[in-house]
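The structure appears right after this line, and notes come after that.
The values are calculated or read from the model by the stated rules, or taken from the named source; none is laboratory data. Treat the numbers as computed from the prediction; the structure is a model and nothing was measured. Here the Cβ positions follow ideal geometry from the backbone for every residue, glycine too, while neighbour counts run over all protein chains shown. For accessibility, only protein heavy atoms count, side chains too; no ligands or nucleic acids. Shrake-Rupley method; radii C 1.70, N 1.55, O 1.52, S 1.80 Å.
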Protein chains: 2
Amino acid sequence: MSYRLYYWPGIPGRGEFVRLALEEAGVSYLDVARTPGGMAAMTRLLARGPQRPFAPPFLQVGRRLIGQTANILFYLGTRHRLAPADEAGRLWAHQLQLTLADLIVEAHDVHHPIGVELYYEDQRPAAKQRATSFRKSRLPKFLGYFENLLRGRKHLCGARVSYVDLSMFQVMAGLRYAFPRAMKRHRTPGLDALSARVAERPRIAAYLASPRRLAFNEHGIFRHYAELDG
Amino acid sequence: MSYRLYYWPGIPGRGEFVRLALEEAGVSYLDVARTPGGMAAMTRLLARGPQRPFAPPFLQVGRRLIGQTANILFYLGTRHRLAPADEAGRLWAHQLQLTLADLIVEAHDVHHPIGVELYYEDQRPAAKQRATSFRKSRLPKFLGYFENLLRGRKHLCGARVSYVDLSMFQVMAGLRYAFPRAMKRHRTPGLDALSARVAERPRIAAYLASPRRLAFNEHGIFRHYAELDG
């Protein structure tokens with residue numbers, strides 16, 4: 001089985017949550033938009049067809065296109081032992097992933113509170129206000145929720161690593177990149193240990209050291225602007 | 001099987017997407033937080049337990065709690081014939097629901113661009129800017145996407161009504177409530193016809209005429225502020 005992943009080249013973004021799952025699963029995949037002609041292929045798929053996705057990332061599996069990050073992970077989790085096997089466990093993993101997705105939207109909207117189609121530079125005063133709200137109110141609430149789930153546990157759900165753990169690793173890395181000062185004020189020993197364990201998994205470690213891994217930057221979801229950190 | 005739904009009383013909000021599915025399924029459920037002592041019960045469940053949800057709505061099924069609106073609908077869709085039966089169809093329905101969820105977040109953030117914990121009155125200038133972006137850029141993009149899916153079809157997915165159709169009905173009603181002037185500028189014959197068909201379904205029609213149905217208001221997701229309509 002070979003997968004074709006479609007996502008904006010140049011940023012980790014939401015595509016990274018899918019990449020981490022594919023890498024941990026050890027399956028072969030093509031990161032299409034990072035290959036020659038790949039962006040044009042992605043644009044074509046987004047423009048036509050009865051089951052076209054609303055936006056990247058999406059995964060091509062044979063003739064099927066699967067969109068929405070959490071939905072892609074739900075699909076992969078079932079097939080590659082990256083989620084609990086029973087239905088209740090699968091839905092619980094998915095519920096946590098959707099809660100992470102909520103946090104990801106809010107982390108993005110810190111630098112884009114007015115409009116995703118506008119530049120950050122055109123919404124800086126609002127971004128500064130939203131950043132204060134995010135750092136003081138939302139960030140502690142989300143971190144506390146996930147930290148609490150890890151009390152006495154090694155994984156966020158189930159008895160072994162899942163795509164939720166991989167995504168949590170990426171979210172923590174992104175938050176530390178975007179808000180290094182704010183993140184230092186939170187005690188998250190469970191989440192820190194989880195992140196370290198994920199980074200040390202052989203396939204993930206090999207991936208992180210490879211050119212396939214993209215660095216955070218100021219075009220993605222998690223952006224570092226000193227005036228938004230606190 | 002009797003379900004217990006937990007959601008903030010007084011607003012349709014995200015709870016309404018679950019209510020519409022439960023009503024169409026014709027199953028009995030208790031809207032717990034709207035009963036005496038129900039808010040305290042909801043608060044207790046949100047505060048403790050290893051599998052507590054991050055936020056309402058959540059559904060209690062026996063001893064299980066299922067959170068995240070789209071996840072609840074995924075669960076109900078499988079059990080009550082409110083989604084395609086095959087796996088590919090189920091994931092496609094879920095993908096559309098997650099895309100609707102993205103639209104719902106954006107419709108909410110029009111009046112709360114700075115912080116969900118602040119009053120609308122404290123973020124009016126930013127809200128006005130975000131409203132312009134939403135009306136001119138995001139709303140047409142989402143409406144065009146869903147309208148296009150209905151070309152020559154009676155349902156957004158599958159061969160019969162699904163929870164996605166029910167949610168689309170609610171989103172269209174909410175958008176028309178919040179942005180009556182902006183919505184008049186969009187031609188959405190497919191979505192209008194779908195909404196009318198949903199409203200005429202016997203169980204939905206009976207529900208809409210009952211006191212169980214809550215009206216839109218300025219505490220919920222879809223709020224009408226004349227200065228944000230255009």
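Key figures
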quantity: Enumeration of residues in region B:44-69 that are assigned to a helix (DSSP H, G or I) and either of a type in the set (D, E, K, R) or within 18 Å of residue A:102 (Cα to Cα) (or both); calculated: B:44, B:46, B:69
quantity: Search result, residues across region B:93-109 that are in contact (Cβ under 8 Å) with a residue 40 or more places away in the chain and under 12 Å from residue B:163 (Cα atoms); calculated: B:93, B:96, B:97, B:100
quantity: Filter pass, residue A:57 being closer than 27 Å to residue A:205 by Cα, open to solvent by less than 60 Å² (accessible area, probe 1.4 Å) and away from chain B (no Cβ under 14 Å); calculated: no
quantity: Test: residue in region B:46-55 that is among the polar types (S, T, N, Q) and at pLDDT 95 or above; calculated: no
quantity: Search result, residues across region A:77-88 that are more than 7 Å from chain B (Cβ to nearest Cβ) and either of a type in the set (Ser, Thr, Tyr) or open to solvent by 10 Å² or more (accessible area, probe 1.4 Å) (or both); calculated: A:78, A:79, A:80, A:81, A:83, A:84, A:85, A:86, A:87
quantity: Odd one out for residue B:32, checked against (1) more than 14 Å from chain A (Cβ to nearest Cβ); (2) open to solvent by 20 Å² or more (accessible area, probe 1.4 Å); calculated: (2)
quantity: Complete set of residues in region B:35-54 that are within 13 Å of chain A (Cβ to nearest Cβ), open to solvent by 50 Å² or more (accessible area, probe 1.4 Å) and small (Gly, Ala, Ser); calculated: B:47
quantity: Selected residue [aromatic (Phe, Trp, Tyr) and under 20 Å from residue B:102 (Cα atoms)] from A:8, A:92; calculated: A:8
quantity: Residue match in region B:109-119 (condition: more than 8 Å from chain A (Cβ to nearest Cβ), of a type in the set (Ser, Thr, Tyr) and surrounded by fewer than 16 Cβ atoms within 10 Å (Cβ to Cβ)); calculated: yes
quantity: So residue B:203, is it over 25 Å from residue B:76 (Cα atoms), among the charged types (D, E, K, R) and touching a Gly at 6+ places or on another chain (Cβ under 8 Å); calculated: no
quantity: Pair list, Cβ < 7 Å and 6+ apart or interchain, from region A:111-128 residues that are farther than 18 Å from residue B:135 by Cα to residues that are not in a helix (DSSP H, G or I); calculated: A:111/A:223; A:111/A:225; A:120/A:112; A:126/A:113; A:126/A:114; A:126/B:113; A:126/B:114; A:127/A:113
quantity: Any hit, region B:107-129, residues being closer than 30 Å to residue A:64 by Cβ and basic (Lys, Arg); calculated: no
quantity: Residues of region B:1-43 that turn out to be hydroxyl-bearing (Ser, Thr, Tyr) and in a loop (DSSP other than H, G, I, E, B), as a count; calculated: 4
quantity: Residue B:178 over 20 Å from the mean Cα position of the chain (by Cα), touching a residue at least 24 places away in the same chain (Cβ under 8 Å) and closer than 23 Å to residue B:224 by Cα; calculated: no
quantity: Residue check for residue B:81: of a type outside the set (A, V, I, L, M, F, W, C) and at positive phi; calculated: yes
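Per-residue answers, yes or no, for (1) closer than 28 Å to residue B:178 by Cβ; (2) exposed (fewer than 15 other Cβ atoms within 10 Å of the Cβ); (3) more than 11 Å from chain A (Cβ to nearest Cβ):
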site	(1), (2), (3)
B:7	yes, no, yes
B:15	yes, no, yes
B:25	yes, no, yes
B:67	yes, no, no
B:90	no, no, no
B:93	yes, no, no
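Quick grid of which residues meet (1) away from chain B (no Cβ under 14 Å); (2) free of Cβ contacts under 8 Å to residues at least 12 places away in the same chain; (3) under 23 Å from residue A:72 (Cβ atoms); (4) open to solvent by less than 30 Å² (accessible area, probe 1.4 Å):
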residue	(1), (2), (3), (4)
A:133	no, yes, no, yes
A:151	no, no, no, no
A:158	no, no, yes, no
A:165	yes, no, yes, yes
A:182	yes, no, no, yes
A:215	yes, no, yes, no
A:219	yes, no, yes, no
